[in-house]
Amino acid sequence: MNGVFEPLVAPSALEDPHEGACTDLSLPFEIIAMHASAQPCELAPSGQTQAASVDEKWSLGGDFRQIPSLPIDNSQVFGSSTHDPNDLYSYKPAILTPQGARDLSADLLREDGNYVEPLDGTQNGPWITFLGRQVSSSSTGDRQEDNVFAPWTVFSWNKDEQRLHTVMTWSDLPAHSPRSAGELPPVSDGTHAFYGAKASTDHGDFSLVVTQGLDDSKRSDKPKILLFGAYPAVCEQGLSVVATPKDSPLPSRVVTLSGDDFSAATTHFDLKSQDYRISGLYAAGDHHAVLITPSRTSSTASSYLGIWNDSTTDYPTQWIMLDSRTPWVSIGEEAIVWGAGSQANNAQMYLRPWETGKIARLGETPGYSRPVVAARGHTVMIPRVNSQGGIQWSIGEFTAE
């Protein structure tokens, strides 16, 4: 704003929702939809006793030499690896298999001579798009504080070409410094990468959805700023995002961007609450989910996961209460999984296949309740605590029952 950023989608292009939704539920916030229907809404309990049926294929980790991020299928996982876990500057992006790690880059990821640590990613077809964050030698020692202003880079690896691409960096934006707070990894539609960036300027801090072409033929000189907002998620209709309305300081309106330049905006619903905020948006095929968590000033301990299928509605009609203020969510074309994130209490992990809609437990891992489901297929990655107190991951195939 104020001429600093020039987004393609202006806040005035976002329609104001005008109908209530899910009025039959006792949700502690209000959802305002564009096209509310008479379809009943459901609220699922926070705990389930039925165990999920998962056929374990192999496991990895436990000594910090391999850090998995995303299962590709039941025999390979995208992540990072090192020969010396004591050297924090030695991790490289890698494909992890039962036979070992295959590095995707001959050199360490570096920007301006500084080491860039490979982090979480997502997959769409042959493209794995992931985030890198610069590790500075001038860090404060407080990892959370360092990450607030850590320079980021978005990378993509094409498994058909066996080639690593540098897609975009924070320095391509008209900002003094990057900011971060609970950001989700970048996503792609197979042609463009999208990232929910945060930037600091003389005019304030902004949340921006930015995009750039994945390969050289689709890449522009600078990333395009699509709109003020966060949490891009690729769906069948285009790109779902949480936009910032004109009268709100926080991203709170779920819209879909479409068209060749993503400038067409369709509004779906809005969150109205003083005590809750949208903390994540997820999509796979025609399945969608939105994560609503307590605000920093709220004393409540529960979050809510809203689910919908855009073939029937364009707002959540099924809600799941989560016993965590900072949950972790992963989505795929066959299922959605979630856990408590890094909290030690109520650290159960759950699986909900789209086919059956039944919630089943994946186990419990205090301090690292972060299951991950593959973009396609029935592969799920479940963290466990080994006998030495380290985290290792079980890779298996779930059965929808």
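Listing for the model above:
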| read-out | value |
| --- | --- |
| Evaluation of Tyr231 against (1) among the hydroxyl-bearing types (Ser, Thr, Tyr); (2) out of contact with any Phe, Trp or Tyr (no Cβ under 6 Å at 6 or more places or on another chain); (3) over 19 Å from Ile128 (Cα atoms) (one fails), failing number | (3) |
| Residue within region 40-58 that is in contact with a strand residue (DSSP E or B) (Cβ under 8 Å, 6 or more places away or on another chain), within 29 Å of Ser156 (Cβ to Cβ) and surrounded by 13 or more Cβ atoms within 10 Å (Cβ to Cβ) present | yes |
| Of residues in region 324-341 being open to solvent by less than 10 Å² (accessible area, probe 1.4 Å) and not in a strand (DSSP E or B), the one farthest from Leu184 (Cα to Cα) | Ser324 |
| All positions within region 337-369 that are among the β-branched types (Val, Ile, Thr) and either in contact with an Asp or Glu (Cβ under 6 Å, 6 or more places away or on another chain) or farther than 23 Å from Thr300 by Cβ (or both) | Val337, Thr356, Thr365 |
| Only listed residue being crowded, with 24+ Cβ neighbours inside 10 Å, touching a Gly at 6+ places or on another chain (Cβ under 9 Å) and at pLDDT 95 or above, chosen from Val234, Val242 | Val242 |
| Residue selected from region 168-191 under the condition at pLDDT 95 or above and in a strand (DSSP E or B), by the criterion most open to solvent (accessible area, probe 1.4 Å) | Val187 |
| Any pair with Cβ under 6 angstrom, 6 or more apart, that starts in region 296-320 at a residue that is free of Cβ contacts under 8 Å to residues at least 12 places away in the same chain and charged (D, E, K, R) and ends at one that is open to solvent by 20 Å² or more (accessible area, probe 1.4 Å) and not in a loop (DSSP other than H, G, I, E, B) | none |
| Residue list for region 242-281, filter: under 22 Å from Ser37 (Cα atoms), within 19 Å of the chain's Cα centre (by Cα), of a type outside the set (A, V, I, L, M, F, W, C) and part of a strand (DSSP E or B) | Arg253, Thr256 |
| Criterion: modelled with pLDDT of 95 or more, touching a Ser or Thr at 6+ places or on another chain (Cβ under 8 Å) and closer than 19 Å to Leu291 by Cβ - qualifying residue of Ala347, Ala375, Ala340 | Ala375 |
| Residue in region 109-132 that is at pLDDT 90 or above, open to solvent by 20 Å² or more (accessible area, probe 1.4 Å) and over 17 Å from Gln76 (Cβ atoms) present | yes |
| Test: residue in region 8-30 that is in contact (Cβ under 8 Å) with a residue 24 or more places away in the chain and under 26 Å from Trp127 (Cα atoms) | yes |
| Residues of region 21-39 satisfying the condition of being farther than 25 Å from Thr266 by Cβ, out of contact with any Cys (no Cβ under 9 Å at 6 or more places or on another chain) and open to solvent by 70 Å² or more (accessible area, probe 1.4 Å) | Ser26 |
| Residue in region 331-345 that is in contact (Cβ under 8 Å) with a residue 60 or more places away in the chain, of a type in the set (Asp, Glu) and in contact with a His (Cβ under 7 Å, 6 or more places away or on another chain) present | yes |
| Subset of region 83-104 that is polar (S, T, N, Q) and at pLDDT 95 or above - its residue that is most open to solvent (accessible area, probe 1.4 Å) | Gln99 |
| Strands (runs of 3 or more DSSP E) contained entirely in region 22-139, each with at least 2 residues that are over 24 Å from the mean Cα position of the chain (by Cα) | 53-61, 100-103 |
| Enumeration of residues in region 206-224 that are assigned to a strand (DSSP E or B) and under 18 Å from Leu184 (Cβ atoms) | Phe206, Ser207, Leu208, Val209, Val210, Thr211, Gln212 |
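A quick yes/no check of all residues on (1) over 25 Å from Val234 (Cα atoms); (2) open to solvent by less than 20 Å² (accessible area, probe 1.4 Å):
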position: Thr293; (1), (2): no, yes
position: Thr300; (1), (2): yes, no
position: Thr312; (1), (2): no, no
position: Gln343; (1), (2): yes, no
position: Ala347; (1), (2): yes, yes
position: Pro353; (1), (2): no, yes
position: Val385; (1), (2): yes, no
position: Gly390; (1), (2): yes, yes
position: Ser394; (1), (2): yes, yes
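The values are calculated or read from the model by the stated rules, or taken from the named source; none is laboratory data. All figures in this text were calculated on a predicted structure; none of them were measured in a lab. Here Cβ is always computed from backbone atoms with ideal geometry, including for glycine, and neighbour counts include all displayed protein chains. With ligands, DNA and RNA removed, areas are computed over all heavy atoms of the protein, side chains included. Shrake-Rupley method; radii C 1.70, N 1.55, O 1.52, S 1.80 Å.
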